[in-house]
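Notes follow the structure.
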Amino acid sequence: MLDIGCGSGRIGEHVLLAGAREWVGVDFAPEMIELARERLARFGERVELILGDFLEVPLSGRFEVVIALGFFDYIADPQPFFAKARSLCANKGSFVASFPAWTPLKGPIRKLRYEVINRCPIFNYTEPQLRTLFAEAGFGAVELRPGRAGFLAWARA
C-alpha cells in the first residue's frame, strides 16, 4: 500500500494491524515523517517512509492500493497527482482518496480556520470535477460516495 501525504502514519498503523504486508508513506513534512517513524517502528521492515514531494520522489514498482486521505484538501492542481497515482497502481489496483466539498456549515469555518488564520489555501471538489479528473488520469470504474463534508472515492486502475 502507498499512502500519499501519510502524515503521522495513523492510517498506516491501522492497515498494518489489519494485515497489510507492507506500507509505504510519502510526506513532505519532516515532522510528520518523524512522527510516523515513531508510531510505526514496531512494524520494522514492513514500513518504508519517504520524505519528499510525491510528484518528485522516485517510487519503484506498483501498488495494489494507493491512498490519499486528507491530502487533496491542499492541492491547487490535482491532475498531476491523479496521473502519478494512476501510474503507480498495479493492474486492477485501487486508488482510494477523500475530497472535501463546500458545505454551508463547514465551508466558512474551514475557510476562516485554514485560509484566513493559518494562511493555508484549501480546495473543494464537485462530483463532475472528480469524474473528469479520474477519467483524464485513465482510471476505470469510479465510485464516489458523498458524505457530510465531501467525497470518498474509489477507483480501479
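The values are calculated or read from the model by the stated rules, or taken from the named source; none is laboratory data. These figures come from a predicted structure and were not determined experimentally. Glycine gets a Cβ as well: all are built from the backbone with ideal geometry, and neighbour counts include every protein chain shown.
Listing for the model above:
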{"read-out": "Some residue of the range 48-56 being free of Cβ contacts under 8 Å to residues at least 24 places away in the same chain, out of contact with any helix residue (DSSP H, G or I) (no Cβ under 7 Å at 6 or more places or on another chain) and more than 23 Å from PRO100 (Cα to Cα)", "value": "yes"}
{"read-out": "Residue match in the range 149-156 (condition: at negative phi, surrounded by fewer than 17 Cβ atoms within 10 Å (Cβ to Cβ) and assigned to a helix (DSSP H, G or I))", "value": "no"}
{"read-out": "Near pairs, Cβ below 8 angstrom, 6+ apart or cross-chain, from the range 69-89 (farther than 16 Å from GLU136 by Cβ and modelled with pLDDT of 95 or more) to any residue that is of a type in the set (D, E, K, R) and part of a loop (DSSP other than H, G, I, E, B)", "value": "LEU88/ARG62"}
{"read-out": "Every residue from the range 1-47 that is within 15 Å of VAL65 (Cα to Cα), within 14 Å of the chain's Cα centre (by Cα) and without any contact (Cβ under 8 Å) to a residue 60 or more places away in the chain", "value": "CYS6, ILE11, GLY12, TRP23, VAL24, GLY25, VAL26"}
{"read-out": "Total residues in the range 94-143, condition surrounded by 15 or more Cβ atoms within 10 Å (Cβ to Cβ), of a type in the set (Ser, Thr, Tyr) and modelled with pLDDT of 95 or more", "value": "3"}
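Let's see how each residue does on (1) closer than 26 Å to PHE134 by Cα; (2) basic (Lys, Arg):
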residue	(1), (2)
ALA20	yes, no
ALA36	no, no
ARG42	no, yes
VAL66	yes, no
PRO80	yes, no
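Here's the yes/no breakdown for (1) in contact with a strand residue (DSSP E or B) (Cβ under 6 Å, 6 or more places away or on another chain); (2) surrounded by fewer than 18 Cβ atoms within 10 Å (Cβ to Cβ); (3) modelled with pLDDT of 95 or more; (4) farther than 20 Å from ARG86 by Cβ:
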position: CYS6; (1), (2), (3), (4): yes, no, yes, no
position: VAL26; (1), (2), (3), (4): yes, no, yes, no
position: ALA29; (1), (2), (3), (4): no, yes, yes, yes
position: ILE33; (1), (2), (3), (4): yes, no, yes, yes
position: GLU38; (1), (2), (3), (4): no, yes, yes, yes
position: ALA41; (1), (2), (3), (4): no, yes, yes, yes
position: VAL47; (1), (2), (3), (4): yes, no, yes, yes
position: GLY52; (1), (2), (3), (4): no, yes, yes, no
